[in-house]
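As structure tokens, the structure follows; a few thoughts come after it.
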Amino acid sequence: MSSSYDFLFKVVVLGEGAVGKTAVVTRFSHGFFRTDYKTTIGSQFAVKNIDIRTSASESVTVKLQIWDVAGQSRFQILRPMYYRGSSGGVLVYDVSRRRTFIVLEEWLEELFKAVGKKIPLVLVANKTDLPDRVVEPSEGKEFAEKHNMPYIESSAKTGEGIVDIFDNLGRTLVQKRSHEN
């Protein structure tokens with residue numbers, strides 16, 4: 001992988017514990033899925049370059065610094081320091097656990113308070129491969145619409161939607177940066 005890039009963005013991945021944040025990041029950055037993830041302590045991060053098309057004939061290389069932030073409440077005191085400086089984020093919930101969807105507003109509040117402004121986010125309905133879904137796509141889409149963010153269904157296990165999450169966010173961040181300059 002080339003070390004040259006046109007843009008560098010810090011991206012934070014947030015949501016309740018065990019919604020699959022680490023699995024999403026690992027699938028995207030390393031291309032595989034494991035069944036034996038351990039609880040993330042504090043945070044961990046991955047770096048990956050992606051190419052974003054800016055026109056029919058041009059593209060830019062975006063380096064994403066992806067911060068996978070611990071979801072358990074005992075890490076709440078640490079999270080704001082990991083959020084600072086984030087350009088964008090991925091808000092994840094588990095479609096088989098309603099509580100992880102219900103608390104999304106609290107995650108947004110915590111993030112925006114720490115960052116000091118609203119940043120582009122993608123809402124991710126994860127674990128769509130599981131048979132016991134309790135949060136319907138319409139509910140996720142409604143939440144995403146209300147908060148002006150894209151909605152993507154994913155399964156870190158099968159790989160469905162994973163690349164779309166980061167391509168979508170990368171494209172949004174490049175457009176935002178271009179409009180600021």
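The values are calculated or read from the model by the stated rules, or taken from the named source; none is laboratory data. In this text, all values refer to a predicted model and were calculated from it rather than measured experimentally. Here Cβ is always computed from backbone atoms with ideal geometry, including for glycine, and neighbour counts include all displayed protein chains.
Tell me yes or no: at least one residue of segment 68-77 is farther than 27 Å from residue 145 by Cβ and in contact with a Leu (Cβ under 8 Å, 6 or more places away or on another chain). Yes, that holds for at least one residue. Restricting attention to segment 146-165, the residues that are touching a residue at least 24 places away in the same chain (Cβ under 8 Å) and in a helix (DSSP H, G or I) total 3. When the residues of segment 38-74 are filtered to those that are small (Gly, Ala, Ser) and either touching a helix residue (DSSP H, G or I) at 6+ places or on another chain (Cβ under 9 Å) or within 21 Å of residue 97 (Cβ to Cβ) (or both), the one that is modelled with the highest pLDDT is 46. Criterion applied to 176, 146 was being more than 14 Å from the chain's Cα centre (by Cα), closer than 25 Å to residue 84 by Cβ and basic (Lys, Arg), and the one residue passing it is 176. Of the listed requirements (1) modelled with pLDDT under 95; (2) surrounded by 12 or more Cβ atoms within 10 Å (Cβ to Cβ); (3) under 30 Å from residue 137 (Cβ atoms), residue 35 misses just one: (2). Does at least one position in segment 6-23 carry a residue that is over 17 Å from residue 159 (Cα atoms), among the hydroxyl-bearing types (Ser, Thr, Tyr) and either modelled with pLDDT of 90 or more or in contact with a Cys (Cβ under 9 Å, 6 or more places away or on another chain) (or both)? No; the residues of segment 6-23 include none that is over 17 Å from residue 159 (Cα atoms), among the hydroxyl-bearing types (Ser, Thr, Tyr) and either modelled with pLDDT of 90 or more or in contact with a Cys (Cβ under 9 Å, 6 or more places away or on another chain) (or both). Could you please find all residues in segment 4-32 being surrounded by fewer than 21 Cβ atoms within 10 Å (Cβ to Cβ), outside any helix (DSSP H, G or I) and of a type in the set (Gly, Ala, Ser)? Selection gives 4, 17, 18, 31. Against the definition (out of contact with any strand residue (DSSP E or B) (no Cβ under 9 Å at 6 or more places or on another chain) and of a type outside the set (Lys, Arg)), how does residue 55 come out, yes or no? For residue 55, the condition - out of contact with any strand residue (DSSP E or B) (no Cβ under 9 Å at 6 or more places or on another chain) and of a type outside the set (Lys, Arg) - is met.
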